[in-house]
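Peer 1: Here's a structure for you.
The values are calculated or read from the model by the stated rules, or taken from the named source; none is laboratory data. Keep in mind the model is a prediction, meaning the values are calculated, not measured. Glycine also receives a Cβ, built like all others from the backbone with ideal geometry; neighbour counts cover every protein chain displayed.
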Amino acid sequence: MPLSLRTSDLPRRAASAAVMLAITAAALWAGGVWFDAFVVAIAFACFGEFLRLVWRATTKLVNRLVALLAGAAYIALAASALIELIIPVVIGLVAVVIATDTGAYFSGRTIGGPKIAPKISPSKTWAGLGGGAIAAGLVALGFFYSNVGSDAFSARGVGAFLVGAILAVVAQCGDFFESWLKRRANMKDSSNLIPGHGGIFDRVDGLLPVAIVGALLWQLHP
């Protein structure tokens, strides 16, 4: 894509990102039924885009029905996890996903190197995954430090860092899953709902599995 086209698209992408951030922040700040309604709305929109991809990816009725049930369970489980978790933990999970994407983008662009699965997502590299895992680990450690102070500089802090790094891998798995599905459907984005950013599913593909795994880890934590 020519630089001029890319540059002209930046204001639209920035404006869309600002609106998404503002809406999400408002829902998190309001909490309670407002946050629950926000999560449910996102889940329904995501499921609609998931079905659109599945419909394009296969023509077999059995495959479509199985995908419908599996997708409904997957998205509903993630939405339920976000609703059940306390808001500070939700914010932490969202921050870990953002850190994963940011760290992966910059380390992948800077270092390059071998691709993880070029037939599914040509831009994803092992260096990017490593950078995303480190960034997510540092964010998790930062949240842990904000709760326990200097006690974070201990074996428990190492555990927090590792949890963040593991969630980064989980987020990338969610990203790969949607990329695989889009390739099967021969679609670039799950929809064009968000100007410059694709669809809802494109924005939460990494958060879905992170919410599920994060909720499980939260239940297990001492």
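Peer 1: Report whether or not ARG13 is at pLDDT below 95, closer than 26 Å to MET187 by Cβ and either of a type in the set (Asp, Glu) or surrounded by 13 or more Cβ atoms within 10 Å (Cβ to Cβ) (or both).
Peer 2: yes
Peer 1: For the range 16-57, enumerate the residues that are aliphatic (A, V, I, L, M) and either outside any helix (DSSP H, G or I) or at pLDDT below 80 (or both).
Peer 2: ALA17
Peer 1: If you take the residues in the range 180-206 that are over 14 Å from GLU49 (Cβ atoms) and not basic (Lys, Arg), which one is nearest to the chain's Cα centre (by Cα)?
Peer 2: Per the stated criteria, the residue is GLY206.
Peer 1: Let me ask another. Would you please name the residue that is farthest from ARG184 (Cα to Cα), looking only at residues in the range 91-118 that are of a type in the set (D, E, K, R) and without any contact (Cβ under 8 Å) to a residue 40 or more places away in the chain?
Peer 2: Selected residue: ARG109.
Peer 1: Also, I was wondering about something else. Within the range 120-155, track down each residue that is free of Cβ contacts under 8 Å to residues at least 60 places away in the same chain and in a loop (DSSP other than H, G, I, E, B).
Peer 2: Within the range 120-155, SER121, PRO122, SER123, LYS124, PHE153, SER154 qualify.
Okay, residues lined up against (1) charged (D, E, K, R); (2) in contact (Cβ under 8 Å) with a residue 12 or more places away in the chain; (3) in a helix (DSSP H, G or I):
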{"residue": "PHE161", "(1), (2), (3)": "no, yes, yes"}
{"residue": "ALA168", "(1), (2), (3)": "no, yes, yes"}
{"residue": "MET187", "(1), (2), (3)": "no, yes, no"}
{"residue": "SER190", "(1), (2), (3)": "no, yes, no"}
{"residue": "ARG203", "(1), (2), (3)": "yes, yes, yes"}
{"residue": "ALA211", "(1), (2), (3)": "no, yes, yes"}
{"residue": "ALA215", "(1), (2), (3)": "no, yes, yes"}
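Peer 1: So which residues in the range 79-115 are buried (at least 18 other Cβ atoms within 10 Å of the Cβ) and over 30 Å from ALA26 (Cβ atoms), if there are any at all?
Peer 2: If the condition is that a residue be buried (at least 18 other Cβ atoms within 10 Å of the Cβ) and over 30 Å from ALA26 (Cβ atoms), then SER107, GLY108 are the ones that fit.
Peer 1: Let me ask another. Name the residue, out of PHE44, PHE50, PHE38, that is within 24 Å of VAL213 (Cβ to Cβ), exposed (fewer than 15 other Cβ atoms within 10 Å of the Cβ) and not aliphatic (A, V, I, L, M). Talk me through it step by step, then tell me what you get.
Peer 2: Working: PHE50 fails: exposed (fewer than 15 other Cβ atoms within 10 Å of the Cβ); PHE38 fails: exposed (fewer than 15 other Cβ atoms within 10 Å of the Cβ).
Only one candidate passes the filter, namely PHE44.
Peer 1: Quick check on my filter: what residues within the range 81-116 are farther than 26 Å from LEU217 by Cα and either at pLDDT 95 or above or part of a helix (DSSP H, G or I) (or both)?
Peer 2: TYR105, PHE106, SER107, GLY108, ARG109, THR110, ILE111
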